[in-house]
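J.: Can you keep this structure in mind? I'll have questions shortly.
The values are calculated or read from the model by the stated rules, or taken from the named source; none is laboratory data. A quick note: this is a predicted structure, and the numbers were derived from the prediction, not measured. Reconstructed Cβ throughout: ideal geometry from the backbone, glycine too, with neighbour counts over all protein chains shown.
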Amino acid sequence: MLEETVPKKGRLELNTAQLDLDEYLKPAEVATIVRLSVATLATMRCEGRGPAYTKLGNAKNSRVRYRRGDVLDWIGNGSQATG
């Protein structure tokens, strides 16, 4: 489980010591972590922005998953790398 703490300056800090960074997350889970809507994440994917993701399959409607480590790197670095 993701443990969050908000220090006095208001910046969100994540305790990642006990997280499986290779775990794959659903878009709804990532949306909760990054405090965006699932639709915004989808738009960011289409625009080549946001955290790196993987599609499970080759079809247009294949499921999308995000590796937890990539999401946390994106949060920490403000990275625009995707897919």
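J.: Hey, could you check region 46-62 for residues that are of a type in the set (Gly, Ala, Ser) and at negative phi and say which is modelled with the highest pLDDT?
T.: Here is the first cut: in region 46-62, the ones of a type in the set (Gly, Ala, Ser) are 48, 50, 52, 57, 59, 62.
Right, trim to at negative phi and you get 52, 59, 62.
Values: ALA52: 95, ALA59: 88, SER62: 91.
Per the criteria, the residue is ALA52.
J.: In region 63-82, which residue that is among the small types (Gly, Ala, Ser) and exposed (fewer than 14 other Cβ atoms within 10 Å of the Cβ) is modelled with the highest pLDDT?
T.: We begin by selecting, within region 63-82, every residue among the small types (Gly, Ala, Ser); these are 69, 76, 78-79, 81.
Now narrow it down to the ones that are exposed (fewer than 14 other Cβ atoms within 10 Å of the Cβ): 76, 78, 81.
On the way: GLY76: 87, GLY78: 70, ALA81: 50.
The residue in question is GLY76.
J.: What's the total number of residues in region 35-62 that are surrounded by 17 or more Cβ atoms within 10 Å (Cβ to Cβ), part of a helix (DSSP H, G or I) and not basic (Lys, Arg)?
T.: Adding up the residues that qualify gives 2.
J.: Hey, another quick one. May I ask you to list pairs of residues, at least six apart or on different chains, whose Cβ atoms are under 6 Å apart, with the first in region 53-68 being without any contact (Cβ under 8 Å) to a residue 12 or more places away in the chain and of a type in the set (S, T, N, Q) and the second being in a strand (DSSP E or B) and surrounded by 10 or more Cβ atoms within 10 Å (Cβ to Cβ)?
T.: Short answer, once both residue conditions are applied: SER62/LYS55; SER62/LEU56.
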